[in-house]
Amino acid sequence: MLTRDGVIARYILAFSFFFLSGSGMITGTLAMISGVLAIVELGTAILKYSPIYELYAIRKAKSKTHRKDKVC
């Protein structure tokens with residue numbers, strides 16, 4: 001779950017990506033990538049969920065269990 005500051009940052013990033021591709025400052029493939037990134041950031045802001053945080057939590061949980069299994 002994203003914090004309020006994280007959600008605000010996602011909205012700002014989404015607006016920036018939309019602005020770059022919509023204003024014509026970037027064109028072609030780079031504009032397409034910017035539009036896709038804007039949609040992803042807007043989706044994570046609306047849902048207050050980030051898959052990166054989820055992957056980090058899973059990896060952290062696995063590393064804790066992996067450390068417990070090791071015997072020195």
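The values are calculated or read from the model by the stated rules, or taken from the named source; none is laboratory data. Keep in mind the model is a prediction, meaning the values are calculated, not measured. Note that each Cβ is placed from the backbone with ideal geometry, even for glycine, and that neighbours are counted across all protein chains shown.
Worth a mention:
- From the list Leu37, Leu42, Leu20, the lone residue that is over 30 Å from Ile58 (Cα atoms), in contact with a helix residue (DSSP H, G or I) (Cβ under 7 Å, 6 or more places away or on another chain) and either surrounded by 14 or more Cβ atoms within 10 Å (Cβ to Cβ) or modelled with pLDDT of 95 or more (or both) is Leu20.
- Taken as a whole, the condition of being outside any loop (DSSP other than H, G, I, E, B), polar (S, T, N, Q) and under 12 Å from the mean Cα position of the chain (by Cα) applies to Thr44.
- Near pairs, Cβ below 7 angstrom, 6+ apart or cross-chain, from region 43-57 (farther than 9 Å from Val7 by Cα) to any residue that is in a helix (DSSP H, G or I): Ser50/Thr44
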